[in-house]
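**Student:** Here's a structure for you.
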Amino acid sequence: QVQLVESGGGLVQPGGSLRLSCAASGSIFSIYHMHWYRQAPGNQRELVAFITSAGVTNYADSVKGRFTVSRDNTKNTMYLQMNSLKPEDTAVYYCNAGNGVTSYWGQGTQVTVSS
């Protein structure tokens, strides 16, 4: 069992930055592949970025070059550094942990990009 808690969301102006955190507890964090998803009102949840247990990363085309995903296995935490934010990045951001057998979700954190 893994518990995930996201933090770091908020209101930011276009062009600004935020760093989201996803703190994990309850299991061996380092073995899980970790993902950031987001869901805007009226839209389906979409994969934003992921980082594997080996540290391999990948990004949605819409955030490449602006977002950076990382993890600190000593702190059981994953991060999403978001730069050059755009209004279309507004969404609830969720972290997800998976190991190919099971999958866990956090409760989400709201990110609003608006002037």
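**Student:** Determine how large the accessible area of Thr102 is when every protein chain is in place; take a 1.4 Å probe and give Å² rounded to the nearest 10.
**Tutor:** 60
**Student:** Further question: Might you work out the accessible area of Ser114 for me, using a 1.4 Å probe with all protein chains in place, and round it to the nearest 10 Å²?
**Tutor:** Using a 1.4 Å probe on the heavy atoms, I get roughly 60 Å².
**Student:** Of the trypsin sites (Lys or Arg not before Pro) in segment 1-100, which ones lie in a loop per DSSP and count no more than 12 other C-beta atoms within 10 Å?
**Tutor:** Sparse-neighbourhood loop trypsin sites (Lys or Arg not before Pro): Lys64, Lys75.
**Student:** Could you give the size of the charge dipole of the chain about its Cα centre, using +1 on the Cβ of each K and R and -1 on the Cβ of each D and E, expressed in debye and rounded to the nearest 20?
**Tutor:** Using only the charged Cβ atoms, the result is roughly 120 debye.
**Student:** Using alpha carbons only, how many angstrom separate the centre of segment 73-102 from the centre of segment 1-56?
**Tutor:** Using only Cα atoms to place each centre, the spacing works out to 2 Å.
**Student:** Can you quote the Å³ per residue value for the convex hull of the Cα atoms in the chain, rounded to an integer?
**Tutor:** Convex hull of Cα atoms, per residue: 93 Å³.
**Student:** When the label point is put 7 Å from the Cα of Glu46 along its Cα-to-beta-carbon vector, which residues of segment 1-36 have a backbone N closer than 15 Å?
**Tutor:** Taking a point 7 Å out along Cα→Cβ of Glu46, the residues of segment 1-36 whose backbone N falls under 15 Å are 36.
**Student:** Additional query: Using only the Cα atoms of segment 8-60, what do you get for the radius of gyration and for Dmax, in Å?
**Tutor:** Using the Cα atoms of segment 8-60, the pair Rg, Dmax is 13.4, 37 Å.
**Student:** I would also like to ask the following. Test of understanding: what is the full-extension gain from Gln3 to Thr68, defined as 0.36 nm times their sequence separation minus their Cα-Cα distance?
**Tutor:** 21.1 nm
**Student:** For segment 64-115, which whole-number percentage of the solvent-accessible area (1.4 Å probe, protein heavy atoms only) is attributable to carbon and sulfur atoms?
**Tutor:** Summing carbon and sulfur atoms, their accessible area is 47 percent of the total for segment 64-115.
**Student:** Then there is this: Within 12 Å, Cβ to Cβ, of Ser62, how many net charges do the neighbouring residues add up to if Lys/Arg are +1 and Asp/Glu are -1?
**Tutor:** 0
The values are calculated or read from the model by the stated rules, or taken from the named source; none is laboratory data. In this text the structure is predicted, and so the values were computed from the model without any measurement. All Cβ positions, even for glycine, are placed from backbone atoms using ideal geometry, and neighbour counts span all protein chains on display. The protein model used for the area step is the full one, side chains on, heavy atoms only, and it has no ligands, DNA or RNA in it. Shrake-Rupley method; radii C 1.70, N 1.55, O 1.52, S 1.80 Å.
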